[in-house]
1. For a quick check of your reading of the model, give me the residue pairs whose first member lies in segment 62-81 and is not assigned by TED's automatic domain parsing to the domain that holds LEU9 and of a type outside the set (Val, Ile, Thr), whose second is outside any helix (DSSP H, G or I) and crowded, with 17+ Cβ neighbours inside 10 Å, with beta-carbon atoms closer than 8 Å and at least 6 apart or on different chains.
2. Take the conditions among the β-branched types (Val, Ile, Thr), in a helix (DSSP H, G or I) and either out of contact with any helix residue (DSSP H, G or I) (no Cβ under 6 Å at 6 or more places or on another chain) or surrounded by 19 or more Cβ atoms within 10 Å (Cβ to Cβ) (or both) and apply them to VAL34. Does it pass?
3. State which residue pairs qualify: first residue assigned by TED's automatic domain parsing to the domain that holds ALA188 and inside segment 155-172, second residue part of a helix (DSSP H, G or I) and of a type outside the set (A, V, I, L, M) in any location, beta carbons under 8 Å apart, and separation of 6 or more residues or different chains.
4. Give segment 178-232 a look and list any residue that's touching a residue at least 24 places away in the same chain (Cβ under 8 Å), assigned to a loop (DSSP other than H, G, I, E, B) and not small (Gly, Ala, Ser), or say none.
5. Do you know which residues across segment 141-179 are within 16 Å of the chain's Cα centre (by Cα), of a type outside the set (Phe, Trp, Tyr) and within 12 Å of GLY105 (Cβ to Cβ)?
Amino acid sequence: MIFPQPALLRPPLQTLGVSPDVASFERAHYRAMVVQDLAGTPPVAGTWWREYLVGYMAACGVAEDRCRDLAAEVAVATAGRAWTHVGTGVMSGLRALAALGLPMGVVSNSDGTVQAELRRLGVCYAANGQEPNAANGVRVGVVVDSAVVGVAKPDPAIFGIALEAIGVPASGTVLHVGDSLRYDVAGALAAGLQPVHLDPHGFCPAPDGHQHARTLAELADTVGSALTARRR
């Protein structure tokens with residue numbers, strides 16, 4: 001739902017003669033996630049952002065021999081403040097999913113700030129007994145941050161924390177939506193859930209064996225149709 005902020009990343013790219021538009025920046029995120037998924041091993045602790053940026057810069061059009069140095073510079077300059085861009089179509093899709101009336105929660109590998117940032121950006125917020133507030137986005141049952149709970153995707157334990165909070169048992173009828181094979185698809189399968197790979201551009205390098213959706217709105221239509229058919 002949240003992407004690196006184009007306003008932060010555009011200036012260093014422009015020094016190399018590269019100036020992507022917002023759609024290209026968002027597309028670069030999905031290319032960078034594919035690079036992560038295809039890597040033999042995940043990045044070592046503390047290097048994920050830098051390694052992600054290597055693939056991201058390449059997808060933006062930076063020459064291969066410049067990507068790693070630029071990624072290292074940008075990683076330091078933007079650490080802890082880059083993920084503030086709400087993706088195109090995210091809010092309409094999230095509202096469409098919420099309108100289905102199903103329990104929803106957010107599970108994120110983050111740094112302890114994701115709940116506050118999602119609320120601040122007006123994306124979503126955990127209920128926690130509070131009254132609905134449209135300014136804070138869509139109300140969800142729980143927001144689980146790996147840095148807060150001490151376990152991260154793909155460990156199935158983090159999904160268990162979310163499911164317990166919203167009162168839903170683990171099963172193949174529970175969908176987990178994410179943009180990574182390594183963290184989201186593998187994690188959901190390990191937790192006994194049904195993974196949905198959010199893959200707007202068809203980049204998935206191993207598409208067999210799990211569901212895909214191009215947008216949250218598309219997923220809402222698919223789930224809504226299934227619910228309607230079940231009720232008939």
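The values are calculated or read from the model by the stated rules, or taken from the named source; none is laboratory data. Everything numeric here is computed off the predicted structure, so don't read it as measured data. Cβ sites come from the backbone with ideal geometry, for glycine too, and all protein chains shown count toward neighbours.
1. No pair meets every condition.
2. Here the answer is yes, as VAL34 does meet what is asked.
3. The qualifying pairs are ASP155/GLY187; PRO156/GLY187; ILE158/SER146; ILE158/GLY187; PHE159/GLY187; ALA170/PHE159; ALA170/GLY160.
4. Answer for segment 178-232, where residues must be touching a residue at least 24 places away in the same chain (Cβ under 8 Å), assigned to a loop (DSSP other than H, G, I, E, B) and not small (Gly, Ala, Ser): ASP179, LEU193, ASP199, PRO200, HIS201, PHE203, CYS204, PRO205, HIS210, THR215.
5. Hits for segment 141-179 are VAL142, VAL143, VAL144, ASP145, ILE158, ALA162, LEU175, HIS176, VAL177.
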